[in-house]
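For reference, the structure discussed in these notes is given below.
The values are calculated or read from the model by the stated rules, or taken from the named source; none is laboratory data. As the structure is a computational prediction, the values presented were derived from the model and not from experiment. Backbone-built Cβ (ideal geometry, glycine too); neighbour counts: all protein chains shown. Please note that ligands, DNA and RNA were not included when accessible areas were found on the heavy atoms of the full protein model with its side chains. Shrake-Rupley method; radii C 1.70, N 1.55, O 1.52, S 1.80 Å.
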Amino acid sequence: MTVVDKVLVANRGEIALRIIRSCREMGVGTVAVYSEVDRRSPHVLAADEAYLIGPAVAAQSYLDMEKIINVAKKSGAHAIHPGYGFLAENATFAKKVIDNGLIFIGPDPETISLMGSKTESRKAMIASGVPVVPGAKGAVDTVEEALKMVDGIGGYPVLIKAAAGGGGKGMRTVFSEKEFARAWEAAKGEAKKAFGDDTIYIEKFVENPKHIEIQVLADRHGNCVHLWERDCSIQRRHQKVVEECPSAVLTPEIREQMGAVAVQAAQACNYVNAGTVEFLYDQGKFYFLEMNTRLQVEHPVTEIVMGLDLVKEQIEVARGKKLGFTQEGVVPRGHAIECRINAEDVFNGFVPSTGQITYLKYPEGPGIRVDSGVDGYSEISRFYDPMVAKLIVHAEDRAAAIAKMKRALQDLVIDGISTTIPFCLAVMDHPNFQGGEFTTKFVANFWEEMKSRILAEDDISVVLAAAIAHLAAGEKRRQSAPVSGDNHRPAISPWKMQTLLKS
Amino acid sequence: MRYFISEKEGFKTIDVSEENGLFHVDYNGKHYQLDIERIDQQLYSVIRDGKVFKFIGDQKDTVVRILTNHVDREVTILNQRQKMEAELFGSGGAEEDLGDVKAPMPGMVLRVEVKTGDVVEVGQPLLVIEAMKMENEIRATKAGTVAEVLCSPQQAVERDDLLIRLND
């Protein structure tokens, strides 16, 4: 058995803290790394050891592979846990870790590299029989060639996509043949500019999909299980905000199919450790989107429903142990929902909100879990991800979980920064969310109207403001009274002012 | 005591009296009786007709910020004298949109999409600021002509820094 008794956590914020907690429970030592602005961060305060690795800019600290590996060796850590983001899906880093005689808690570098490429992973999935969005098998050279393919992939709308694409760049949706040539040129030009590569392919555009993903877990002995799905369709800027397990719409048959396909996908790329296979889901049909070769932000909803600790499982797999259960041993209980509490102004296009937290109170009570990376004294800087905390609830069924999340969000108070709390509360109240019939278009379809309802004129705020102002004025009068009766004489006397106003 | 709420359309009156923490407020034709207890620095608990709720409130000069139901609102409240001063010096009512484009958050300017003399429409992208790993497009909230560009790519900006000035 490989020894993993001391782990360096190459991350910050809530995920670093969450990993440290599981390590401590296992008796595994923890090493934190931090940038110059993170000396006071909760993950530094919680670890057994902590080492400064550079300035705030991530490229010179949390993304500096050499520095992190040096700290791991110097501190005597056996393994590195990358968390998510930063170096978590960097095959070069994983390889360097291994080449330095350390263990990378995650899949092999070859797997990370394969699944990190849009076209290569698509090819591998097609080869192993995993359903992908209908489209071209590889690059398409001319408009004429592309137009001939449209009918074969299910007709319009069609997505023209850069092979090297990402972040929505080099991508165009086409609804009819007459728009096609123009969109083709636009996508090509954009791809050339953004990636230096104008290789293009086309696929069917799934208009109103759900984002459903399957959690998988595999050991080094050929065992691979799936841990059901998460529905992560509530997104803004293509990033998830609300996630749940299980989904409100999957039938047991489709769940079984998707689970089997996810395991098939994982095995096709020799997957080891915890990973997630993401699908577009549209009325009973599902298509492979991509595989995330790391622990995901929303993993707690799966943990709670399955009664597992995925970080502990990851460490056991890294030690070379066999999974302690089979697919039959995966027994869900109840329903879990997660809301991401981001430092963002939801009323102003979800722009980041930075600043000093001036008041913070987390909700308490049965069935509530808070994975947070900040404290009441924290300052939210512009350097890192805007997520400050994850609020997760567990209840016997979906309706009870929604009610609990509402209560928990109402009890949560954060002041000093704007947060996604009002957005999450409105989602819990929305009939389409409650009915389960929501897609990735939820924000585009409903948020404007939801927003205006939240921001509607509200007399009680004015009344409370007047009470506060009156209270403060009274205190001022009391304070100044004994000093001099003349103290609050205005700069211009009311008499004079009246005269001026009349003139 | 009579106060005045400063709004775009003008002033609205609000009457407040207090005795031992019990407030009587008359506003918009309605009477409110509130038991307000200060719990912590800015945290208050309210009991109104037996119903309990809490809010955060703080005051800077004549502007009171209230956070209830997780929504922030700013209310400008003036006393008789402040109202007269405001009317006199013309600073009454909400601030006018002067066409100044300010940084909504601290970050780094990635791209400036317009130059002096450009005519812009409402919603047109003006520049992109990177903060928290995200690119944030700053769009024109009013139409006009770019009078001055006060920032350049790779420049670090603080919240509320003036970036671009627009003329009508």
Identify, please: which residue in the range A:117-135 is touching an Asp or Glu at 6+ places or on another chain (Cβ under 7 Å) and open to solvent by less than 30 Å² (accessible area, probe 1.4 Å) and is, among those, farthest from A:V206 (Cα to Cα)? A:S121
Within the range A:415-436, does at least one residue satisfy the condition of being under 23 Å from A:P386 (Cβ atoms) and in contact with a Pro (Cβ under 7 Å, 6 or more places away or on another chain)? no
Residues being open to solvent by 60 Å² or more (accessible area, probe 1.4 Å) and either within 11 Å of B:A103 (Cα to Cα) or not charged (D, E, K, R) (or both): count how many of those fall in the range B:140-160. 9
Of all residues in the range A:403-424, which are crowded, with 20+ Cβ neighbours inside 10 Å and in contact with a helix residue (DSSP H, G or I) (Cβ under 8 Å, 6 or more places away or on another chain)? A:M405, A:L409, A:L412, A:I414, A:I421, A:P422, A:F423, A:C424
Matching residues, the range A:167-194, being aromatic (F, W, Y) and either assigned to a strand (DSSP E or B) or closer than 24 Å to A:E278 by Cα (or both): none
Against the condition farther than 29 Å from B:I164 by Cα, under 19 Å from the mean Cα position of the chain (by Cα) and more than 9 Å from chain A (Cβ to nearest Cβ), how does B:K102 come out, does it pass? no
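Yes/no per residue for (1) part of a loop (DSSP other than H, G, I, E, B); (2) acidic (D, E):
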| site | (1), (2) |
| --- | --- |
| A:L360 | no, no |
| A:P366 | yes, no |
| A:D375 | yes, yes |
| A:N445 | no, no |
For A:L425, all conditions in the list (1) farther than 30 Å from B:L22 by Cα; (2) in contact with a Gly (Cβ under 9 Å, 6 or more places away or on another chain) hold save one; what is the number of the exception? (2)
For the range A:348-377, how many residues meet the condition of being of a type outside the set (A, V, I, L, M) and either in the same structural domain as A:A58 (by TED's automatic domain parsing) or in contact with a Pro (Cβ under 8 Å, 6 or more places away or on another chain) (or both)? 9
Can you say whether A:P494 is facing another protein chain (nearest Cβ under 10 Å), at pLDDT below 90 and out of contact with any Ser or Thr (no Cβ under 8 Å at 6 or more places or on another chain), as far as the supplied structure shows? yes
If A:F433 satisfies every condition in (1) more than 14 Å from chain B (Cβ to nearest Cβ); (2) not in a helix (DSSP H, G or I) but one, which is the exception? (2)
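Residue-wise test of (1) without any contact (Cβ under 8 Å) to a residue 24 or more places away in the chain; (2) in a loop (DSSP other than H, G, I, E, B).
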residue: B:M105; (1), (2): no, yes
residue: B:G123; (1), (2): yes, yes
residue: B:I129; (1), (2): no, no
residue: B:E135; (1), (2): no, no
residue: B:K142; (1), (2): no, yes
residue: B:V146; (1), (2): no, no
residue: B:C151; (1), (2): no, yes
residue: B:D160; (1), (2): no, yes
residue: B:I164; (1), (2): no, no
Condition check for A:Y377: open to solvent by 50 Å² or more (accessible area, probe 1.4 Å), modelled with pLDDT under 95 and away from chain B (no Cβ under 12 Å): yes
Residue satisfying all of: in the range A:323-358; out of contact with any Gly (no Cβ under 7 Å at 6 or more places or on another chain) and of a type in the set (S, T, N, Q); farthest from the other protein chains (Cβ to nearest Cβ) among these: A:T326
Is the range A:344-365 home to any residue that is more than 29 Å from A:Y34 (Cβ to Cβ), touching a residue at least 60 places away in the same chain (Cβ under 8 Å) and either within 19 Å of the chain's Cα centre (by Cα) or crowded, with 18+ Cβ neighbours inside 10 Å (or both)? yes
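So that you can scan it fast, the table gives a plain yes or no per residue for (1) modelled with pLDDT under 95; (2) open to solvent by less than 10 Å² (accessible area, probe 1.4 Å); (3) among the aromatic types (F, W, Y); (4) in the same structural domain as A:L87 (by TED's automatic domain parsing):
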{"residue": "A:M428", "(1), (2), (3), (4)": "no, yes, no, no"}
{"residue": "A:G435", "(1), (2), (3), (4)": "no, no, no, no"}
{"residue": "A:V463", "(1), (2), (3), (4)": "no, yes, no, no"}
{"residue": "A:L471", "(1), (2), (3), (4)": "yes, no, no, no"}
Answer yes or no: is there a residue in the range B:18-30 that is in contact with a strand residue (DSSP E or B) (Cβ under 6 Å, 6 or more places away or on another chain), open to solvent by 50 Å² or more (accessible area, probe 1.4 Å) and more than 30 Å from A:L412 (Cβ to Cβ). yes
If you take the residues in the range A:389-400 that are in contact (Cβ under 8 Å) with a residue 60 or more places away in the chain and part of a strand (DSSP E or B), which one is farthest from A:Q239 (Cα to Cα)? A:A395
The range B:107-120, residues that are at pLDDT 90 or above and either within 12 Å of another protein chain (Cβ to nearest Cβ) or in a loop (DSSP other than H, G, I, E, B) (or both): B:E113, B:V114, B:K115, B:T116, B:G117, B:D118
The condition of being more than 18 Å from the chain's Cα centre (by Cα), away from chain B (no Cβ under 12 Å) and open to solvent by 20 Å² or more (accessible area, probe 1.4 Å) holds, among A:E449, A:E475, only for A:E449
With a cut-off of at least 2 residues that are touching a residue at least 24 places away in the same chain (Cβ under 8 Å) and either at negative phi or more than 10 Å from chain A (Cβ to nearest Cβ) (or both), name the strands (runs of 3 or more DSSP E) lying wholly within the range B:18-95. B:71-78
